[in-house]
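Everything below concerns the one structure shown next.
The values are calculated or read from the model by the stated rules, or taken from the named source; none is laboratory data. Just so we're clear, the structure is a prediction, and the values are computed from it rather than from any experiment. Neighbour counts run over all protein chains shown; Cβ positions are idealised from the backbone, glycine included.
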Amino acid sequence: MSKTTAVDVRVDYVSRVEGHGNILVTAQGDQVKEVKFEVTEPPRFFEGMLRGRPFEQAPLITSRICGICSNGHVLASIAAMESALGITASEQTSLLRRLLLHGETIQSHVLHAYFLVAPDFFGVGSVVPLVQSHPEVVKRALRLKKLGNDVCDVVGGRAVHQIAAVVGGFTHLPTPDELLSLRQRLVDAAPDLQATVELFAGLAMPDFDRPTEYLSLKSAAGYAYFGDLILSSSGDITPVRHYREKVKERVVEHSSAKHCRSDKDTFMVGALARVNNGFQYLSDGAKDVAVGLGFEPPVTNPYMNTIAQLIETVHCVDDAVAIIDALIARSLIPEPPAVEAREGHGVGAVEVPRGTLYHEYSIDREGRITDANLIIPTGQNLANLESDMWALAPVVIPKGADAAQLAMEMLVRAYDPCISCSTHVIYLPVKGEE
Amino acid sequence: MSEAMIEALQTLKRPRVAVFELASCAGCQLQILNCEDELVDLLQLIELAYFKEAMTETSDVYDLALIEGAVTREADEDKLRTIRERAKLVGTLGACAFPVGIPGLKNGHDLEEVARQVYGEHASYFPSVEAKPVDSVIKVDLHIPGCPIHKDEFLRVVTGVLLGRKPPIPGYPVCVECRLKENICAFDRGLICLGPVTRGGCGAICPSYGSRCFGCRGLADDPNLASVENLLEDHGRTREDILAEYALYNGYYALHDGGLKAKVAP
């Protein structure tokens, strides 16, 4: 390629990601001029929706930010509200919440790996042609996805926009029979998980490395999906309640989703960050799978995020079995949620499939929401995605526009962006700030 | 899907079905992908002509176009008119597309102020207009209601409509199904419930899981207003209590003609 050849890569409305985003790369010879990931998803302005609403509706309303991680929003919203109201969850409630989150993580990771990422490796535009060419692969993906959804059904009443988890606890409990039948299915999923690992172990992820800062939650016990501390791969730790010191948002014109930087630079959240930061706490089964998939932390190739998701899927299945055993051993006791409104302010964070999700609320004496701030994982990753695109462009552009386009699209998909989620961010300045 | 339904569909030339998204959480599209037991059959009976969330290929002629999400930008209206021209049948998926759902919660607020609260001094990058349901812009042939849609109802309605049948969606209120489930009435549990005025067909799932009805399926064809009056009186509640709840999902028709307000507080 001559020094003066102009290469433009423009993909309007990248498919097989959640929501509406465009890729724009402009180069002159080997000089990359411009790199953008435009987000044109309609903003929904959730603050107008929350302001003045009763505190107990925050999980219901914010779960409608995103259908794919609706339970994650419910749980982050509950965590923030319970912090504002001074409520500590019971052991039973904490176990059920973790189980609910695992169900969502399993379905989301399986959907991403099989339906959104795998078609690129089979050279097809969607999972639809695979129904004919590889029916066993599609059916296995659907079985695993259904398993994740059924965990949510049993705990929350339905997979999308669950019902039973509320501020203060659960309005409905699963029966022991439902839990035991679910446990059996989780155990029986082992061959499907093994086949999944074998399938993806055979797919060569593009060779690309760019070390960045990885952020994930840290808790006192084990692999953290819930926690009060933010752990950075650089070693520093920030209390969740001071998250604004670590995660800083700004508006950029080409994206209705805000971008984020840490106190250092752009950073990554999600499965890759969690597995890098918490590898030692994974279940034994998940660690074995990591070895089989050639994952040795720290992994700095963002395309490996999909592989990290598969490692987590195995961890979530293993931990779901352990949670059910703990619930059965202690037997479920009705604990009707009883919550008194009071003035307060709270922050909650949960590791949802795509990374750390922060909810922050202020409520008045009557329990009405006065301020809210939500920081969505995809919003945190967008600036880092663009940093990766800048680094990737000079490597792939010499291979031609088509190859560059595919590499860029696959990079976007590897991040598993949830664009409609990230643009539906609520931002209300908390008193005394800005 | 029943065997008879599959057989009947096999007699058709594979209908072209498209799925479009406006302002929404994508949860109703996800519910389609969540039909794990039926998806493989369904994909052999219909031709998926557009589904950005799941596929790269696109097409421009549709037997059935399904639209998820509320109208929140002027450009959305042009998009809808184009879809209407290209589609034989247009249906809505979920509460955002009809009656307007959660995006409609901003209606009734000062929209410029709302944009400023989110994007600060950069609010002008991201203008917003009142959230509207799809049928306020184009003619809609069927509504698949719910937040989210119910998988079984989606399959029943789509296969039925493709076979030329009337969409099998109940007109009776949620209370009918709630009583059949022998749930304790939410009003008796000290809650306000929209079950008496909301379209059934959901199996009263929210009250059955210890919650109450929030009205996501829109107004029933024949809401039981006499029963609502009695319930309100018996439990010391007012019409305003019901209307405040109703605005959660019905924030367009609550402000415009044809909503509950016109019926209970004319």
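The table for this structure:
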| item | result |
| --- | --- |
| Region B:136-179, residues that are under 15 Å from B:A204 (Cβ atoms), more than 14 Å from chain A (Cβ to nearest Cβ) and without any contact (Cβ under 8 Å) to a residue 24 or more places away in the chain | B:R179 |
| Matching strands (runs of 3 or more DSSP E) fully within region A:186-259 where at least 3 residues are at pLDDT 95 or above and either within 17 Å of A:T306 (Cα to Cα) or in contact with a Leu (Cβ under 8 Å, 6 or more places away or on another chain) (or both) | A:213-218, A:229-232, A:237-239 |
| Failed criterion for A:V128 (all others in (1) more than 8 Å from every other protein chain (Cβ to nearest Cβ); (2) surrounded by fewer than 24 Cβ atoms within 10 Å (Cβ to Cβ); (3) touching a strand residue (DSSP E or B) at 6+ places or on another chain (Cβ under 9 Å) hold) | (1) |
| Residue among A:L179, A:L231, A:L193, A:L173 that is surrounded by 18 or more Cβ atoms within 10 Å (Cβ to Cβ), on the phi < 0 side of the Ramachandran plot, in contact (Cβ under 8 Å) with a residue 24 or more places away in the chain and within 14 Å of chain B (Cβ to nearest Cβ) | A:L173 |
| Residues of region A:99-157 satisfying the condition of being touching a His at 6+ places or on another chain (Cβ under 8 Å) and under 28 Å from A:M408 (Cα atoms) | A:F122 |
| Any chance A:A84 is part of a helix (DSSP H, G or I), over 14 Å from the mean Cα position of the chain (by Cα), more than 23 Å from B:C213 (Cα to Cα) and of a type in the set (A, V, I, L, M, F, W, C) | yes |
| Test: residue in region A:150-161 that is in a helix (DSSP H, G or I), of a type in the set (D, E, K, R) and in contact with a Gly (Cβ under 9 Å, 6 or more places away or on another chain) | yes |
| Residue ID - farthest from the chain's Cα centre (by Cα), chosen from residues in region A:379-398 that are buried (at least 19 other Cβ atoms within 10 Å of the Cβ) and over 17 Å from A:L215 (Cα atoms) | A:I397 |
| Matching residues in region A:356-378 - criterion: being under 15 Å from the mean Cα position of the chain (by Cα) and surrounded by fewer than 17 Cβ atoms within 10 Å (Cβ to Cβ) | none |
| Single residue of A:R261, A:R274, A:R241, A:R210 found to be more than 17 Å from A:T356 (Cβ to Cβ), more than 14 Å from chain B (Cβ to nearest Cβ) and touching a residue at least 60 places away in the same chain (Cβ under 8 Å) | A:R210 |
| When residues of region B:28-47 are limited to those that are within 11 Å of chain A (Cβ to nearest Cβ) and over 19 Å from A:A141 (Cα atoms), the one modelled with the highest pLDDT | B:C28 |
| Any hit, region A:306-322, residues being closer than 30 Å to A:F46 by Cα and modelled with pLDDT under 95 | no |
| Test: A:I397 is β-branched (V, I, T) and at pLDDT below 85 | no |
| Selected residue (criterion: surrounded by the most Cβ atoms within 10 Å (Cβ to Cβ)) from residues of region B:48-75 that are at pLDDT 85 or above and facing chain A (nearest Cβ under 7 Å) | B:T72 |
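Conditions (1) surrounded by 24 or more Cβ atoms within 10 Å (Cβ to Cβ); (2) away from every other protein chain (no Cβ under 12 Å); (3) modelled with pLDDT of 95 or more, marked per residue:
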| site | (1), (2), (3) |
| --- | --- |
| A:F55 | yes, yes, yes |
| A:R97 | yes, yes, yes |
| A:L111 | yes, no, no |
| A:V124 | no, no, no |
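Residues checked against (1) more than 10 Å from every other protein chain (Cβ to nearest Cβ); (2) within 26 Å of A:V167 (Cβ to Cβ); (3) crowded, with 22+ Cβ neighbours inside 10 Å:
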residue: B:L194; (1), (2), (3): yes, yes, yes
residue: B:T198; (1), (2), (3): yes, yes, yes
residue: B:G203; (1), (2), (3): yes, yes, no
residue: B:C206; (1), (2), (3): no, yes, yes
residue: B:S211; (1), (2), (3): no, yes, no
residue: B:C216; (1), (2), (3): no, yes, yes
